[in-house]
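The values are calculated or read from the model by the stated rules, or taken from the named source; none is laboratory data. The model shown is predicted, which means the values in this text are computed figures rather than measured ones. Glycine also receives a Cβ, built like all others from the backbone with ideal geometry; neighbour counts cover every protein chain displayed.
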Amino acid sequence: MGGHSATGLLRPGVDPLGSAFAALLGLSLLALPLMTTRPNRIAAGTGLTAWSALPSGAVLLLGGVVALGLPLLALRAAPPLRLAAAAAILLLLGLSAGWAADHLTLPGDRYGRVSPDAGWWLAFATAALAVGDGLARLRPGPILRIALLALLVGATGLALRTGFWNNLSVLREYASRSDTFGRELRTHAVLALTSVAAAAALGIPAAILARPVPALRTGLLATLNVVQTIPSMALFGMLIAPLAWIGRAVPGAAALGIAGIGAAPAFVALLAYALLPVAAATVAGLDAVPWPVRDAARGVGMTARQRLLQVELPLALPAILTGIRIVLVQNIGLAVIAGLVGGGGLGVFVFQGISQNAGDLVLLGALPTVAMATGAAVLLDAVVDLSRGRAAERVP
Amino acid sequence: MSRAPPLAWAALLALLGVFLVAPGRFAPLFQPFAPGDTPPIYAQTPLLTLAVNHLLLVAAATLTAAAIAVGLAVAATRPAGRDVLPFARSVARIGQTFPPVAVLALAVPIFGFGAVPTLIALVLYGLLPIFETALTGLDGLDPALMEAARGMGMTDRQRLLRVELPLALPMILSGIRLAAVIGLATATIGSTVAASTLGEVIISGLLTGNTAYVLQGGLVVSALALLIDAGFRHVERGAARRAGFRS
Amino acid sequence: MIDLAQVSRVFEGRTVVADVTLRVEAGTILTVVGTSGSGKTTLLRMINRLIEPSTGTIQIAGRDIRDVPPHLLRRGIGYAIQGHGLFPHRTVAENIAVVPKLLDWDRGRIAARVDELLSLFNLDPAAYRDRLPAALSGGEQQRIGVARALAAEPPILLMDEPFGALDPIIRGRAQEDLRTIQQRYNTTIVLVTHDMDEALHLGHRIAVMDAGRLVQEAPPADLLGAPATAFVGTLLGSGDRAFQLMALRVVDDLVEPGPAPGPPIPAGTSVRAALAESLWSRRPALPVSRDGVILGRVTRAALEAQGGRP
């Protein structure tokens, strides 16, 4: 039995990170309240521990899985085994939220609220981190990562569609706004996606044209850099007046949706924020094309256009896609601000929730935003890896 | 932008100072943006007070975040922490996808209204870029250099304090700059949860349709961000020169 | 084939190439040698218009190169550089096919040409065609770089330090490959190098550049025998000039009738190698053979005489 028993399922010793996860999970489930019940949406809540919040069968199941899973996390188990343990705990926590909500909701009670409490959130976050750690150790390829993301989205979608979590307070909040939610979700996604698409359509050509001219290049990047420092709320607000003026003064502009209220200021502001990262990534990607490759492309008789399309842009593609990943994630987050200036989007719920002091409503806006941003990041990271595929190992 | 002559930065600083101390002098400039006969300059709270609060909030958050993040990065690059490194890196990467507004909104149900949730959101959001750049700085050092430091008989502690941290300092500073600039903009959103920052001016402008207020708040925050960015870049260049990198 | 007439190039007030007049005969190799900064690379890059001359004219086959659009001119001239410049996102076959594709060759002809070139460089087409440059060794990358330059059967090949990054053994083999290919296609080659041994070994004629000026242009033996300036002498190195000279000549012309002991050496052996063999085996004379038939012998005295100053 040599020291190299990485193939073994269990190795002697304790995994420091895994032990931290196990300790946090144990602490959050044993010492902190799992769920909160409130008589109505804005009343103060009462915390309930796992064993009082869940039906006895679920307590046994959760207890059993945790008792089996924690030692696997803490000891030096093989990565697939750790991942399975973490995923099982994560899945069971998701199920527990639904079970507890059903268990704690009195039949016919339409005002009472059941929501996850500190213990659930901490355990859920820890289990999610443990799953992430398990995945990081296994290093799945881009295709597999996209498949896992699709699986996760599919499973969550199925649970939402079947009404499994319907007694949770966030979904109670959703139930009273189901008509507007769909619309605001779409507005949010469309704002983020179209502003990034427009930024790519403007920023990439601008960067290509400005890059060879030092003065233009510095000017372009410096100007866009200043835009980045304007706080988002102010930029959204500053655009209202000029866009309202354009909407009134320019014939046909109003028909295109250009107006001081609505989505137009939000779109323009998001576009402005997205331009710098896209343009800077394009410049950096093109700069990184090795000199011999550039020289060879000229030397074999390619025209400027052929060099750009066949050699320089394909080699800069991973860098450009990385820039697009950054702005898409950034704009999904910033689009929340649109809710403050009448632009719609999930920010509507966030800011309504804040003004009504209704945490559940804040969550209704914030959770989908976080999910969308993280999902976009995972998806685009995988796409960047795929685009790197062929030129992965650059010739030194 | 950072290459603008020092005189331009001094002028911007002076302009900002005069505006914050005596905003009334600039009233004619903002008059066209104020609807009807509403006052063109925000007067509920003095702009100077708000700017100072804003800066204090961001400074406190950034310093706290820097202390925690650099500590974590140092721990993750010690031999005992090496196993944790890939995990820490992916957490930092995914964590940065959490939108600042969402972090702030999620902190409210837990910490209530006021400066506290804003501070917490700013610390959490500042942690990640500083951690990531500090990690890059500490992890990217030439192994031959580390060998040489060991070969000269430096203890682990001496190596960290005299070799690793000074060499990683430019990277760490760039992370802190990023966190501070993001924090300046994010702190304005703190006013939606009743934190006293320059965001108060912007929100008041949005609520009353007074573009003059929106402009005032936005321009002051922008100017602060530009000045802080330039200041940090200056310090970074100095640190890079001392670390022997060509700037 | 290539005629440079009073060609100069000025970069930001600095004269990099000064008044160079030079002719490269068709089917020969001209090596251009000099220290770094001597203007040799600039001189080369003016021939395919990667750099335009400030004054002077360059003609190829009697035609001023300014009459041809640069990209069309370059498609007719092979170009290989140090670090090979292979496109990292294209396979070996796609890299070799770049110029034929630009010239709109049909697909079958391109595929056949790719396989022919790979075989020529002793690389199995089936094994190498679909690899990416990153999956090749340095020597293989360099060979693909030269194969790409030769793909469209150009009459002229320009090479800038093509073997600069290779270790001595692979470098020697690459030089032999180049000589074989040059003889096979009768290509006119201009090769820039900072290595005098390589220049002497490969060039039919050698051009020595110093501070932008062409200081001497001569066949290797003449250069060794009569360096035009002290600088050329320094480049040649004073110590083993006799051996460099001997390395340029073969024993074929020195054969005389008569017996000699021991195993024969081939008639194509260089004088230098023959002398070494004579010293090592302690034989004052060696038998010389061609195709297994003994032609006669060569004496150590005859070999030694070849090392004297011409």
>> Going through B:Arg159, B:Arg177 one at a time, which residue ends up being within 14 Å of another protein chain (Cβ to nearest Cβ) and among the basic types (Lys, Arg)?
In response: B:Arg177
> in a helix (DSSP H, G or I), touching a residue at least 60 places away in the same chain (Cβ under 8 Å) and within 14 Å of chain C (Cβ to nearest Cβ), is that true of A:Leu275?
Replying inline: no
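Among the listed residues A:Val196, A:Val131, identify the single one that is in contact (Cβ under 8 Å) with a residue 12 or more places away in the chain and either of a type in the set (Asp, Glu) or more than 14 Å from every other protein chain (Cβ to nearest Cβ) (or both). Lay out the reasoning, then the answer.
On the way: A:Val131 fails: either of a type in the set (Asp, Glu) or more than 14 Å from every other protein chain (Cβ to nearest Cβ) (or both).
Being in contact (Cβ under 8 Å) with a residue 12 or more places away in the chain and either of a type in the set (Asp, Glu) or more than 14 Å from every other protein chain (Cβ to nearest Cβ) (or both) holds for just one of A:Val196, A:Val131, which is A:Val196.
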> Going through the range C:225-273 one residue at a time, which ones are surrounded by fewer than 16 Cβ atoms within 10 Å (Cβ to Cβ) and farther than 30 Å from C:Gly296 by Cβ?
Replying inline: C:Ala226, C:Ala228, C:Thr229, C:Ala230, C:Gly233, C:Thr234, C:Gly237, C:Ser238, C:Gly239
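Working carefully through the options C:Val32, C:Val17, find the one that is of a type in the set (A, V, I, L, M, F, W, C), in contact with a Gly (Cβ under 6 Å, 6 or more places away or on another chain), within 27 Å of C:Ala228 (Cβ to Cβ) and surrounded by 23 or more Cβ atoms within 10 Å (Cβ to Cβ). First the steps, then the outcome.
Details: C:Val32 fails: in contact with a Gly (Cβ under 6 Å, 6 or more places away or on another chain).
Result: C:Val17 is the single residue among C:Val32, C:Val17 that is of a type in the set (A, V, I, L, M, F, W, C), in contact with a Gly (Cβ under 6 Å, 6 or more places away or on another chain), within 27 Å of C:Ala228 (Cβ to Cβ) and surrounded by 23 or more Cβ atoms within 10 Å (Cβ to Cβ).
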>> Return the residues of the range B:94-112 that are part of a helix (DSSP H, G or I) and either more than 8 Å from chain A (Cβ to nearest Cβ) or more than 23 Å from the chain's Cα centre (by Cα) (or both); say none if nothing qualifies.
In response: B:Gly95, B:Val103, B:Leu104, B:Ala107, B:Pro109, B:Ile110, B:Phe111
> What helices (runs of 4 or more DSSP H) lie completely within the range C:106-164 and have 2 or more residues being among the small types (Gly, Ala, Ser), more than 23 Å from C:Lys40 (Cα to Cα) and over 23 Å from the mean Cα position of the chain (by Cα)?
Replying inline: C:107-120, C:125-128
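Please find, within the range C:278-287, the residue that is surrounded by the fewest Cβ atoms within 10 Å (Cβ to Cβ) out of those that are of a type outside the set (A, V, I, L, M, F, W, C) and in contact with a strand residue (DSSP E or B) (Cβ under 6 Å, 6 or more places away or on another chain). Lay out the reasoning, then the answer.
Initial filter on the range C:278-287 (of a type outside the set (A, V, I, L, M, F, W, C)): C:278, C:281-284, C:287.
With the extra rule that they be in contact with a strand residue (DSSP E or B) (Cβ under 6 Å, 6 or more places away or on another chain), the set shrinks to C:278, C:287.
On the way: C:Ser278: 21, C:Pro287: 19.
Only one residue tops the list, namely C:Pro287.
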> Do we find a residue being within 11 Å of another protein chain (Cβ to nearest Cβ), in contact with a strand residue (DSSP E or B) (Cβ under 8 Å, 6 or more places away or on another chain), touching a residue at least 24 places away in the same chain (Cβ under 8 Å) and buried (at least 19 other Cβ atoms within 10 Å of the Cβ) anywhere in the range C:136-147?
Replying inline: yes
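Identify the residue in the range A:278-294 that is in a helix (DSSP H, G or I) and β-branched (Val, Ile, Thr) and, among all such residues, is nearest to C:Asn48 (Cα to Cα).
From the range A:278-294, those in a helix (DSSP H, G or I) are A:278-287, A:291-294; that's our starting set.
Now drop any that are not β-branched (Val, Ile, Thr), which leaves A:278, A:282-283, A:293.
Numbers: A:Val278: 36, A:Thr282: 30, A:Val283: 28, A:Val293: 17 Å.
Top of the filtered list is A:Val293.
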>> Please count how many residues of the range C:174-223 are more than 15 Å from C:Thr28 (Cβ to Cβ), modelled with pLDDT of 90 or more and of a type in the set (A, V, I, L, M, F, W, C).
In response: 5
>> Restricting to the range C:48-72, name every residue that is within 11 Å of another protein chain (Cβ to nearest Cβ), over 13 Å from C:Phe11 (Cβ atoms) and of a type in the set (A, V, I, L, M).
In response: C:Leu50, C:Val68, C:Leu72
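Scan the range B:16-25 and tell me whether some residue there is in contact with a helix residue (DSSP H, G or I) (Cβ under 9 Å, 6 or more places away or on another chain) and among the charged types (D, E, K, R). Spell out how you get there, then give the answer.
We begin by selecting, within the range B:16-25, every residue in contact with a helix residue (DSSP H, G or I) (Cβ under 9 Å, 6 or more places away or on another chain); these are B:16, B:18-21, B:23, B:25.
This time we only want the ones that are among the charged types (D, E, K, R), so: B:25.
Yes: one or more hits.
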> Only one residue in A:Val362, A:Val336, A:Val370, A:Val348 is within 8 Å of another protein chain (Cβ to nearest Cβ), under 17 Å from A:Pro265 (Cβ atoms) and either crowded, with 21+ Cβ neighbours inside 10 Å or touching a Ser or Thr at 6+ places or on another chain (Cβ under 9 Å) (or both). Which one?
Replying inline: A:Val336
> Which members of the range B:23-39 meet the condition of being within 29 Å of the chain's Cα centre (by Cα) and touching a residue at least 24 places away in the same chain (Cβ under 8 Å)?
Replying inline: B:Pro23, B:Phe30
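Specify which of the listed residues (A:Ala207, A:Ala201, A:Ala215) is small (Gly, Ala, Ser), part of a helix (DSSP H, G or I), in contact (Cβ under 8 Å) with a residue 12 or more places away in the chain and away from chain B (no Cβ under 11 Å).
Working: A:Ala201 fails: in contact (Cβ under 8 Å) with a residue 12 or more places away in the chain; A:Ala215 fails: in contact (Cβ under 8 Å) with a residue 12 or more places away in the chain.
Among A:Ala207, A:Ala201, A:Ala215, only A:Ala207 is small (Gly, Ala, Ser), part of a helix (DSSP H, G or I), in contact (Cβ under 8 Å) with a residue 12 or more places away in the chain and away from chain B (no Cβ under 11 Å).
Identify, from the list A:Gly285, A:Gly353, the residue that is facing chain B (nearest Cβ under 9 Å) and surrounded by fewer than 24 Cβ atoms within 10 Å (Cβ to Cβ).
Numbers: A:Gly285 fails: facing chain B (nearest Cβ under 9 Å).
Within the list A:Gly285, A:Gly353, the selection yields A:Gly353.
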>> Take the conditions within 14 Å of chain B (Cβ to nearest Cβ) and either in contact (Cβ under 8 Å) with a residue 60 or more places away in the chain or surrounded by 17 or more Cβ atoms within 10 Å (Cβ to Cβ) (or both) and apply them to A:Thr105. Does it pass?
In response: no
> What number of residues within the range B:181-219 are in a helix (DSSP H, G or I), more than 7 Å from chain A (Cβ to nearest Cβ) and touching a residue at least 40 places away in the same chain (Cβ under 8 Å)?
Replying inline: 13
> Can you spot a residue in the range B:40-48 that is under 30 Å from B:Leu124 (Cβ atoms), hydroxyl-bearing (Ser, Thr, Tyr) and in contact (Cβ under 8 Å) with a residue 60 or more places away in the chain?
Replying inline: yes
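So if I check each of C:Thr91, C:Thr28, which one is under 20 Å from A:Gly299 (Cβ atoms) and not small (Gly, Ala, Ser)? Give the derivation first.
Numbers: C:Thr28 fails: under 20 Å from A:Gly299 (Cβ atoms).
Result of the check over C:Thr91, C:Thr28: C:Thr91.
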>> Pairs please, first residue from the range C:260-284 and of a type in the set (D, E, K, R), second anywhere and surrounded by fewer than 17 Cβ atoms within 10 Å (Cβ to Cβ) and not in a helix (DSSP H, G or I), Cβ atoms under 7 Å, 6+ apart in sequence or on different chains.
In response: C:Arg283/C:Pro261; C:Arg283/C:Gly262
